[in-house]
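Every read-out reported here was derived from the displayed coordinates using simple, explicitly stated rules and does not represent laboratory data. The structure displayed is predicted, hence computed values, not measured ones. When we count neighbours, we look across all protein chains shown, and the Cβ atoms used for this are built from the backbone with ideal geometry, even at glycine.
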Amino acid sequence: MSVTSGTKGHIFSLLAGCLFALGFAPLGLWPITLVSVALFIMLLNDQTPRSAAIRGWLYGLGLYGVGVSWVFVSIHYHGHTPAPLAIIMTFIFAGGLALLFGMQAWLYQKIGLQRFGILTFASLWVLFEWIKIELLSGFPWLFMGYAFIDAPLKGFAPIVGVLGISWLAIASSHMAFIGTQQPTKRMMAILPLALIWGGGLFLNGIEWTRVSLKNPLNVSLVQGNIPQEKKWDPLERDSIINTYLTLSESEWEQDVILWPEAAYPIFYNEAQEVIAPLDLKGRATNTAIISGIPSWEVGKKDYRYYNSIFVVGDGKGMYHKQKLVPFGEFIPFENLIRGTMPFFDLPLSSFSRGQYNQSNLQAKGFSFAPFICYEVIYPELVRRLGKDADFLLTVSNDAWFGKSWGPDQHLEMVRMRSLELGKYMLRGTNTGITAIINHQGDTIATIPQFEEGVLRGQILQTKGSTPYSQVGYWPVLGSSAFIIFIFALVTLRQRKIQQQDKH
């Protein structure tokens, strides 16, 4: 019996999905991700739409079950949910995300796109990655393209972005699969593969944006390493603030001091006795202090709470987070599930979304495009705010992930944003990984996880723009949709002709 048949094929689909996750940080075994996709293509061959849907779901379950297993850490250790229930909830989360892979595989077989698979499989995959950005609040995690941040295909990022790299990687897997399965077509597969991967190497040598050595900024990124269980304890409030003040005391000669997401365990409106002296000292030393903090404002009917970033000293501005984390910052169906278990009643899980058209932050006369936590994994949001900014900036509290792959995966996506736009990025976190990233997506300095400290470095303004910063991922999406539309029409027309011939 073939490994692709029956139950055995279903099991291999699950295992192939597990392999996919190994291509991402911290392991970075991107060739295995290519193999995983090739196996998935093989396992879909000659399957009915129903069988393909099952295998697609199992593939997605393996992918997310391994790749986002850190969700268990958040639910169990920080959400205070019993381990058995946390395992079930993690399974439901991974299984829910995997439904999109099931739908993707079902459509691929139902429409009959296999005949044109090199183009259609990659196009359908990318369209479903876009759906993962837009569906409900979105969860654009573990996109294929991220696995290649340190591979030759990264050269395409400033042109087509992460979705474009996903398309090229999927098409590469498909061509390699055809080359191994059909020797007569081997040369037909080798040539485009050489063009794609050779093109990536060539593009790696092109600098789309040019570094300006004029007016470099000296920066200090403060990592407080505050345990999550102490973060919102009122008794720890003064100690937490003093930690950041003490770590920053020797940094006033720097141009910018960055504190992480919600560094202040108190609302902005109630923290002026701490913020005002910082503002005065920053003005006196020509230093900009940027920090995350919760804030509130009076709405039409009640108070509106925000996850925010603000600037004092030699700078100005406040930004409210637009992309909120479900269950962490807002509770879907709140009236039904709020209070049913500790995980659905976490501190500060009633935030509101910030407005769409907010201004960037200003510090030392430069424009910083700000992103809070997982906002930075939304490619179009970062492009929209960052394309005309001088620098990119993100603050996060990855203590929720614990000692898992989550922080490494998060940093990997941050690096892709810098590469796409060709700009330096500052990343300030509570427990790591705090980092400075250059315009080529390279991490030039970090502080290890779960260490208290200050990361000092220098960032440089870039001139010019990348093609991606001007048009985003829309050409890739438009081309993918057009490919699916055309080949679906061809297939349906051929089926209609075949049915007429039978009669």
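Below is a table of values for the structure above.
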read-out: Per-selection Rg to Rh, the range 371-503 - Cα, Kirkwood hydrodynamic radius; value: 1.25
read-out: Kirkwood hydrodynamic radius of the range 96-239, from inverse mean 1/r over distinct Cα pairs, in Å; value: 18.8 Å
read-out: Cα-based helix-to-principal-axis angle, 186-204 vs the chain, degrees rounded to 10; value: 20 degrees
read-out: For the range 210-461: span of alpha carbons on each principal axis (Å, largest first); value: 56, 39, 38
read-out: Per-residue Cβ neighbour rank within 10 angstrom, fewest leading, I54, I170; value: I54, I170
read-out: Burial ordering of V311, V471, fewest other beta-carbon atoms within 10 Å first; value: V471, V311
read-out: Whole-number percent relative contact order across the chain, with pairs defined as alpha carbons under 8 Å at least 6 apart; value: 17 percent
read-out: Degrees, to the nearest 10: 272-285 long Cα axis against longest axis of the chain; value: 90 degrees
read-out: Percent RCO, i.e. relative contact order, over the range 210-461, from Cα pairs under 8 Å lying at least 6 residues apart; value: 22 percent
read-out: Mean Cβ neighbour count within 10 Å, used as a protection proxy, ranking 442-448, 100-106 highest first; value: 100-106, 442-448
read-out: Mean Cβ neighbour count within 10 Å, used as a protection proxy, ranking 213-220, 428-435 highest first; value: 428-435, 213-220
read-out: Nearest 10 degrees, 0 to 90: helix 30-44 Cα axis against the chain principal axis; value: 40 degrees
read-out: Using alpha carbons only: equivalent-ellipsoid semi-axes of the range 172-246, gyration tensor based, whole Å; value: 54, 25, 6
read-out: Centre separation in Å (Cα based) which lies between the range 438-503 and the range 157-205; value: 15 Å
read-out: Violating pairs (Cα-Cα greater than 27 angstrom) within the set K214/K387; K132/K387; K230/K300; K132/K364; value: K230/K300; K132/K364
read-out: Helical mean residue ellipticity (222 nm; -39500 (n - 2.57) per DSSP H run of 4+; nearest 500) of the chain; value: -15000 deg cm²/dmol
read-out: Likely footprinting exposure, V66, V222, V71, fewest C-beta neighbours within 10 Å first; value: V66, V71, V222
read-out: Burial ranking of peptide ranges 405-414, 369-378 (average Cβ count within 10 Å, highest at the top); value: 369-378, 405-414
